[in-house]
Structure formats: C-alpha cells, structure tokens
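Here the structure is laid out as structure tokens; the discussion comes afterwards.
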Amino acid sequence: MPKAKRPDKEAVSRAIKLARTLRQTQHQMATHAHEAALDDLTSALDRLDSTLTMTLATTDDQQPTRISGDLAQAEQVFHGLVGPSPDVVFRRFWIGTRRPGLLVFVDGLVDNEMIDQDIVQRLEDASDISQTSPKQLGALAYDRLITVGHVTTTSSWPSVVSKVMTGNTAVFVQGLPRAFVVDTVKYPARTVPSTKIEPAIKGPQEAFNEVGLTHMNQLRRWLRSPRLHFDSHTVGKISQTPVYVAYLDGVVNRELLSRITDRVDRIERDVVTRANDVAEYLSDRRLAVFPQFRLSDRVDWVARELGQGKVAILVENDPFAILMPMTLVDFYKTSQDYSFSTWDSTLIRLIRLAGLLAGLYLMPLYIALTSVNVDLMPTPLLLTIDGSRQGIPFPPVVEVMIMYLIIEILREAANRLPQQLGVTLGTVGAVVVGTAIVKAGIVDDVMIVSATLTALGLFTTPAFEMTTPWRWLFWVMILGAYLLGIFGILLVTVGIVAYLAGMESFGTPYLTPFGPLQMSGWADSIMRWPIPLLQRRPEDLRPVHRRKAEPVPTPKPFRLGPRNSKGSTKS
Amino acid sequence: MGMQAIVMFLMLGILTGCASNRPLNERALVLVMAFAPGPHKQISVAFQIPTPQGLTSLTSGSTGSGSPGHKTSYTVFGRGSTLSQAFGQAQSQVNQGLYLGQLQAVIFSTRLSGAQFQAISSALTRIGQLDKTAFALATTAPLRQFMRKTPDSTPLPGLYYTTEFGCSQCQTVQLRRRVWSIEKYLNAPAQNLWLPLITLEPQGFHVDQMVIYRHNHAAKILSSQQTADIGYVLGLTSKGAVNLHWDGQTVSVRSLKANPKIRWQWIDGLLHIHVYLRVTGSVEEFPADLELGPHVRGLQQQTSAQLSSDCLTAVTKLSRNDLDPFTIGNAYEWQHPGTLSQWRDAYAHATWAITVTVRLQQLGDAT
C-alpha cells in the first residue's frame, strides 16, 4: 500500500483562507437574492472548511514543536490548531515602542483587567526592553511580568497551547524563542450555592459549584489540615478535564487509595464532562443495579466522609463529588442526621426504613393479596377493597402499572419544569389526576392510597441514586407477586438480599455492618448513637487509624446553686 | 448456566399454578354457605354473595354506594344427590368462580340426616380452597328464609359472624366453633359434636343456644339456660349471671366465669364423674342499705349452691340422653378400646357430683 503523502501545511492554510474568501463571496451573493443557487456551494464550503481544519490539526508532525520567536508564525500555528474559534483572541501590541509582542488567550476564561493592566500596560511602558538584545529580553520581560503572579516560560508549543486552553495567557515577544505563560485564569463561575439536591433542615447548607479550585478551597476550609491531600489527574484526551482525588493522609487506607487513583488514570475517553463519566469507570461491576458510589454536592458531607476514611473525587465542571467506597447503609445517611439529636436521627432513619419497606412492598402485597393469596386477607379489608374495585375494568396488576406509570411521568415532568411549576404539577398530579382517575373508574381508591404511599416511601431515600435500584426491583417484586403471590415476594426478597450480600464496593462488603456482622457499625446504621459515642471509623474501610475520637466520660451532673452565685458575684 | 436459568424460569412459570390465579373481581366471594336437606334425600346448598351495592356500601367516599333499598347480598342455591352436583348447579348460576377462601360461616340445618351431615362434613375437609377457619353453626330455620335475613347491625349478613364471634370475652357463652373442629368428631362415636344454634329474630340473628349431635345428627337443642349451665362445665361461659334472694331482696351476681376440671372414676362398677368448678364473678344490684363486705361469704356460698344445682341438672339430663359434649368418652375409649358399648351404658347411669367454689371479685363493678 503506498504511503499517503502528507499535506503541505502552507497549502492547507491557503486553502482555508480561500474557503473563507469564498464564504464571504457567498455572503455577498446571498444579499442579492441568490440563496437557492448558493445552497450547494454553502454546504460544500462548510465541508471543505471543516475537512481542511481537521487535516491541519492532525498534521502534528508538520507543526514546529519549538517556539521560533516569529510572531507571524506563532499566530499561524495557533490558528492552525484552534481553527476559526472566535473566543481565542490574538492581540498584538508594542513592547516599549519598537518591539512587537503578541498575546494569545481565550476570552471568557481570563481576567481581562489583569491582561490590560498587568501585562499589556506594563510591557508597553517598558522602554528598556525594546532596546535590549534578544538574550537579555527574556530576563527583563520576566521581571516585568513576575509582579502579575504566577508566570512560567516555555519554548514548547504543546505546553503553551494546553495552558492557553485552560485560561492562561501566552505572551510572545518578537525575537524571543520562548513564550511567557501568565496565570490569568478567571473562570465564569456560580457563587458558592446552597444545596438544593440534598437539603437539610439544620446544619451546613453549602454546596460545591462547578470550579475545581473552589472545590478544593471549600474542602480546605472544612478540613484545615495538611493531611488533606488532592491528587491531581487529567482525564479526557480532548477535554483535558482536571480530576482531583481528595483524601485524608494518615486516615485513608493506602491500598484503597492506590486502587482508586489507578482506575482514574486508566480512563481513556475523549471527552469527560461530568463526575458520572468518571464514576462509572471506577465501579467494580459496571451493570450492577445498586450504586457503588455516591454523588454529593454537600461540602460538609464530603468532608465528613473523608474523615471516615473514604475517598472523594472532584471533577472540574461538576458540582458533585464522587464518594467511595459506599455501603447500602451509607446511602441512607444524611448530613442532617448529625445535626439533630440522637433520638431525632434514629427516628428519621427508622422512618426511612419504613418508607423503603412501604415503597417496595405495598403494591406487590396488594397484588398478591387481591390476585393470588386472597384467602390471607382479613375479610373486612378484602370486602372494602372489593367494594372500591367495583366497576374497575382492569385487574390489580394493570392498575398498579397504570398508577406507577402516572407517578413516574409526574415525577419526570416535575423534574424537567422549573421549581415553582414543579410544585404546581405535583399538586395537579396528586389532586386532579388522582381524583379524576378514580372518578373515571380506571383505578380504585385503595390503589390511589397504595400508589401514593409507594411513591412517598421511595422518596424517603436520601440519595437519589439509591431510589433507582428500588424502582427497578419494584417491578421484579410486582412480577413475583403476580406469579407467585406472597411466596413470590419472599423469593424476590431473598434474591435481593443474596445479590446485596455478594456485592462489594472497592473491597467493602455492601451489606456491612449487617453482613458480615460488625456490631460496632450498628451504632451508626439504623440508629444513630450520641456523637461522643461514635469513636471509631467504619471497620470495613480499613482506615489507618480506626479511632476518631477519644472516649470522654459523661460529665457529672452540675447544679447552679447559691455557691455558684457568690462565685460569680465575686468575679 | 444459561440453560439452567431458562429451565428455572420455565419451571417457575409452569409449576407455580399461577395460571389459575384469578383476580379479585373474577371471584364471587362467598361469605356464608348453608346446607339443608332437599326433597328425595337430596342436599340443598346455598351460597350468600355480596352484591356490588353491598360492597360499595362498605366504603365511604367511593363512587358507588349502596342505597337502603338495594340488596346487599344475593344467594345462589344448588341441589343434588351429592354435594358436587349441588355445587355444580349453584356454580352454573353465576358468571364468576365461587370462591370459598373468605368464607365466614357454614350453616348446617338441624334437619340434615346423619349421613348427609357426615357427607357434607367430609366433603368440606377436602375442599382445599375452603377457609376452614369459618364459623360453623346450626339452624332450625328453613334455608331460604335464613339466607334472606339481613341483620340490622351489619350491612352484609356475612359480617355478622365476625362481629358476633370476633370478641372472645363478649358473649355470655363463647359458642364459637370453627369448621376445622368438626373434622375430629367425624367417625368418633364416643364424643358428641356441639354447634351453636343460630335463630332468626326480627332484628336479625341470635346465638345463645347449643345443639348437640349424636351420630352426626342433631340430637338435642339446649335452652339458653341449659347452654349457660353446660357452658360452665365446658369452660365456655364467661358472662354468666345468677339472681339470688338475699334478706328479702334481689341480688345479682354477674360476670361469672368458670374454670372446670372433670374427674371420673369407677366405684363398685358404677361411673362417678366429679366436676370441680372454680368460678369468679362480681356482685351487682346489692341492697343499698346493706354493707356488702360482711355478706360476701354468704353470697359466695349461695351462688355456689345454685350453680351446682343448675349444672348438675343440666349434665345429668345430657348423661341420661347419652350425650357427651365433655369428651369424657373419648378419654375412656383411648384407655379401653373396643368397650364403647359398656361405656355408653355406664355413662347413661353415671353419678355426677359438682363442686363449685365461687370467689366474688371486683365487688360492685358492673361489667
């Protein structure tokens, strides 16, 4: 097979210019009402333009790897790499009065004020630079720019280009075979928001935004210790997304950490835009129904989990941190569990458990008891249900399918709408649709009650990613109930427990502390013991140090009496 | 592995019997089933099924509601020389499957012959779908008249039995008897089955009597008082009452509950049966001008004497009629198999003694 001839870079550049010229011509012709005839030409030019741009971009070995000091060539190289991107700005200016310079930066990612005042103005005022030889040029320019902040010099084109793409500004000086890379990064970012995904009545409300640096700053504010480490990784061949693996040194299990970082490094993907893109690469089982990581946007929660010996992965451009390893119980803990008293928290956790059981079993039991094991139902209740089902044309299983479909549609629609409209939709769905569907004789009253409790029960799960497995398994449960009644429900339950017992999340048994049994873990599972008694980190995480708090005896009862009053008066 | 999974799913589908599952709306919920003799030694069976109006009347806020003029239940009758024929005829009259899994009561006419009763009882034990926890009762009323009756207290006739027998301490005599308990009396000539008798009243039903069967035939219907007296010996009476004359005035002793023990022995070839009753109760309607405390002992003695006398009369009468609802004969047959005829003779001439110890508690409490 003959070797393909490599395209000549200058020829390609000329072709691009020609294409642009043709496009302008086309635009002029379009203004004279020749649109129909120009359609083909337009599309052909588009194809030509994109093809040539891609061809130029792929001819890396044709690109110079070292900076030559020629500004025209620098501009040309950049143009060739980024194409006609309007956000990449090339700004020529004069250093002193005689030496030309070139700034390259991405508009929107940089602080324009810093460029104007700290780079352009300083260099334009530096008359001594324009008089020096090229050898002294670098040192003098660096001296002028060093006041800006973080400045590096490089003569490598790939290095310059990648840094410009992340918000730095490249400064080229005519005759200088190097470029200055000035840290002018200023991303457009939300202010630090309060969490809306994991709300809490009490306790901290701060959430992450989309900027990785802010993620780290926020965590650093929570854990003011040099033990808090961030391992920086870059994933995405094209997107070059920064990923930070956060952990507490001296707490986290080193082997666990190395496994996680290894898996992060192994990610081979062109574009990574969100945390889930990374997280799904890290799971032990790609098709597991139950999640093996938790995404949280609460800074306090991530800090707490790091303190437990877990690892958090922060992905640039995503406000959710990936927490791992996770067990089933971890998904039923929330930040506010630790902001309330022991009894409040324990009660809330029991209600969550009851909600899960209601959400998972209510409708299957309804089907089992009305379709298969009718004899197990107390007669008065059965007659009530039978009475409410008079005139309903569908069997119970179809009723369940209809109602659950309605719930899912309402849920999805409410998610898609703005918050205010979502509330309205929920009300409309609950009141209007519920009443109307009963009056229409499609489902019965008992089914409405059952469906409502099911939906509410599954909503009590704090972590959204944990509701999805139950929503899937709900249908397996329905199938079991429809085919085998109560026995089917039991069979599916046993299957679920067996499946959960066989799962692991980064070497952590998914059902801990219940299986394998770890009594110390029970203190913070279904119940939540008083915080002074939570003295050990989870055993399943194998942290370097299990003890996280020293035992402090309960204070002796203290009573304010006359003696105390005298004491305070004296003082 | 794949083949194993396929086989497992196939087995689940084939062997579970789910194909025969019928949803609730495809089943005719039979709440009461009644049996009576038909012409030409046939068996008549009746199934009482709630109507849609009757069902909707149970739910408030439902789309439909049972109006007062509507029937809350309907009855399907069947007749045949065998029970299966009668069932088949009844089934042909409804377009839903007759479902016996929620049966509330099985009513036996007292006019059923022994053979018919035995055939019916035996058949009932073999209907797998039948709810054997249903209450078993006997009635003297004609079948159609009985099934047409709707008590005022419940919207559905079938729910009467749940309310009547649901509370174990609410009746004077706990005459609750389940269908499954009939089975042990079949082919056991040494013991006599008893069933509560349900009678028709203008307001509905009434249950305070007992029917005692001999050879699967209703042999004797006890009066209310006899039922209460026998109830003491059987340990079924929990709200007995005795009216006494004390110092020229009437005194009521109520809430009498007995804890019986029966001993029997042979003395000189004669059967002696001794019943010990430990009875508790409370005093009501005591004269206001008297202090109760000093009189309690006397009241206890008088109550004991009256209960002893009443119970002795009742048990002696049963004994003379060769009726043994106390299952004493069952114990004898266990110890002396093959000597049942001797036992019957001895039992008919047995000497009864009843010792009653009354302790009146909760003085003055009205329950």
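No other residue among A:F487, A:F506 is among the aromatic types (F, W, Y) and over 29 Å from the mean Cα position of the chain (by Cα) apart from A:F487.
Taken over segment B:219-248, the criterion of being part of a helix (DSSP H, G or I), closer than 20 Å to B:I273 by Cβ and within 15 Å of the chain's Cα centre (by Cα) is satisfied by B:T227, B:A228, B:I230, B:G231, B:L234. Every condition in (1) within 29 Å of A:I348 (Cβ to Cβ); (2) surrounded by fewer than 19 Cβ atoms within 10 Å (Cβ to Cβ); (3) aliphatic (A, V, I, L, M) holds for A:L287 except the one numbered (1). Quick check, is A:R221 part of a helix (DSSP H, G or I) and surrounded by fewer than 14 Cβ atoms within 10 Å (Cβ to Cβ)? In short, yes.
Scanning segment A:359-394 for residues that are at the interface with chain B (Cβ under 9 Å from one of its Cβ atoms), hydroxyl-bearing (S, T, Y) and touching a residue at least 24 places away in the same chain (Cβ under 8 Å) turns up A:T370, A:S371, A:T384, A:S388.
Looking only at segment A:156-192, which residues are of a type outside the set (K, R) and without any contact (Cβ under 8 Å) to a residue 24 or more places away in the chain? Don't jump to the end; show me each part of the working.
Within segment A:156-192, the first condition is being of a type outside the set (K, R), and the residues that meet it are A:156-162, A:164-177, A:179-185, A:187-189, A:191-192.
Answer for segment A:156-192, where residues must be of a type outside the set (K, R) and without any contact (Cβ under 8 Å) to a residue 24 or more places away in the chain: A:S159, A:T191.
In summary, B:I127 fulfils each of the numbered conditions (1) surrounded by fewer than 17 Cβ atoms within 10 Å (Cβ to Cβ); (2) away from every other protein chain (no Cβ under 14 Å); (3) farther than 22 Å from B:Q145 by Cα with the single exception of condition (2).
Among the residues of segment A:522-559, those identified as in contact (Cβ under 8 Å) with a residue 60 or more places away in the chain and outside any loop (DSSP other than H, G, I, E, B) are A:D524, A:R528, A:I531, A:D540, A:L541.
This table checks each residue for (1) crowded, with 19+ Cβ neighbours inside 10 Å; (2) in contact (Cβ under 8 Å) with a residue 12 or more places away in the chain; (3) away from chain A (no Cβ under 14 Å); (4) in contact with a strand residue (DSSP E or B) (Cβ under 8 Å, 6 or more places away or on another chain).
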residue	(1), (2), (3), (4)
B:R148	no, yes, yes, yes
B:G158	yes, yes, no, yes
B:R176	yes, yes, yes, yes
B:I182	yes, yes, yes, yes
B:L193	yes, yes, yes, yes
B:T199	no, yes, yes, yes
B:P202	no, no, yes, no
B:I212	yes, yes, yes, yes
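B:V315 satisfies every condition listed in (1) surrounded by fewer than 15 Cβ atoms within 10 Å (Cβ to Cβ); (2) under 22 Å from the mean Cα position of the chain (by Cα); (3) of a type in the set (A, V, I, L, M) except (1).
Condition first: within 14 Å of chain A (Cβ to nearest Cβ) and touching a helix residue (DSSP H, G or I) at 6+ places or on another chain (Cβ under 7 Å). Can you find one or more residues in segment B:74-94 that meet it? Can you show your working first?
Our first condition is that a residue be within 14 Å of chain A (Cβ to nearest Cβ); within segment B:74-94, this holds for none.
No, segment B:74-94 contains no residue that is within 14 Å of chain A (Cβ to nearest Cβ) and touching a helix residue (DSSP H, G or I) at 6+ places or on another chain (Cβ under 7 Å).
A:S520 meets the conditions (1) exposed (fewer than 12 other Cβ atoms within 10 Å of the Cβ); (2) of a type in the set (S, T, Y); (3) within 33 Å of the chain's Cα centre (by Cα) in every case but one. The failed one is (1).
Condition check: surrounded by fewer than 19 Cβ atoms within 10 Å (Cβ to Cβ) and farther than 21 Å from A:W343 by Cα. Does A:I496 satisfy that? The answer is yes for A:I496. Of the residues in segment A:426-434, at least one is within 14 Å of chain B (Cβ to nearest Cβ) and within 30 Å of B:R27 (Cα to Cα).
In this structure, is B:Q4 modelled with pLDDT of 75 or more, within 11 Å of chain A (Cβ to nearest Cβ) and outside any strand (DSSP E or B)? In short, no. If you go through segment A:224-259 and keep only what is surrounded by fewer than 19 Cβ atoms within 10 Å (Cβ to Cβ) and assigned to a loop (DSSP other than H, G, I, E, B), you end up with A:R224, A:S225, A:P226, A:R227, A:K237, A:I238, A:S239, A:Q240, A:D249, A:G250. The selection criterion, being within 14 Å of another protein chain (Cβ to nearest Cβ) and surrounded by 17 or more Cβ atoms within 10 Å (Cβ to Cβ), does not hold for A:L473. In segment B:113-128, the residues that are under 26 Å from A:L376 (Cβ atoms) form Cβ pairs under 8 Å with partners that are of a type in the set (K, R), at six or more places apart or across chains, as follows: B:L124/B:K132; B:T125/B:K132. The single condition among (1) under 17 Å from B:V30 (Cβ atoms); (2) at pLDDT 90 or above that A:V374 does not satisfy is (2).
Among residues that are touching a strand residue (DSSP E or B) at 6+ places or on another chain (Cβ under 9 Å), of a type in the set (D, E), farther than 23 Å from A:V164 by Cβ and not in a strand (DSSP E or B), A:D262 is not included.
Got a sec? Which of B:R297, B:R263 is closer than 23 Å to B:D247 by Cβ and not assigned by TED's automatic domain parsing to the domain that holds B:A218? Step through it out loud before you land on a result.
Working: B:R263 fails: closer than 23 Å to B:D247 by Cβ.
Testing whether each residue is closer than 23 Å to B:D247 by Cβ and not assigned by TED's automatic domain parsing to the domain that holds B:A218 leaves just B:R297.
Tell me which helices (runs of 4 or more DSSP H) are completely within segment A:296-410 and hold 2 or more residues being of a type in the set (D, E), or say none if there are none. Walk me through it before giving the result.
Working: elements: A:299-308, A:342-367, A:379-388.
Passing ranges, in order: A:299-308.
Select from segment A:396-413 the residues that are farther than 26 Å from A:N373 by Cβ, buried (at least 17 other Cβ atoms within 10 Å of the Cβ) and hydrophobic (A, V, I, L, M, F, W, C) and list them in ascending order.
If the condition is that a residue be farther than 26 Å from A:N373 by Cβ, buried (at least 17 other Cβ atoms within 10 Å of the Cβ) and hydrophobic (A, V, I, L, M, F, W, C), then A:I406, A:L410 are the ones that fit.
The listed residues are A:G429, A:G422, A:G441, and the only one of them that is out of contact with any strand residue (DSSP E or B) (no Cβ under 6 Å at 6 or more places or on another chain), within 28 Å of B:T56 (Cβ to Cβ) and assigned to a helix (DSSP H, G or I) turns out to be A:G429.
This table checks each residue for (1) small (G, A, S); (2) within 14 Å of chain B (Cβ to nearest Cβ); (3) touching a residue at least 40 places away in the same chain (Cβ under 8 Å); (4) more than 29 Å from A:F514 (Cα to Cα).
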site	(1), (2), (3), (4)
A:V302	no, no, yes, no
A:A312	yes, no, yes, no
A:N317	no, no, yes, yes
A:W343	no, no, no, no
A:L353	no, no, yes, no
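Here's the yes/no breakdown for (1) farther than 22 Å from A:S162 by Cα; (2) aromatic (F, W, Y):
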| site | (1), (2) |
| --- | --- |
| A:P199 | yes, no |
| A:A207 | yes, no |
| A:F230 | no, yes |
| A:V245 | no, no |
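The values are calculated or read from the model by the stated rules, or taken from the named source; none is laboratory data. Treat the numbers as computed from the prediction; the structure is a model and nothing was measured. Virtual Cβ from ideal backbone geometry, glycine too; neighbours counted across all protein chains shown.
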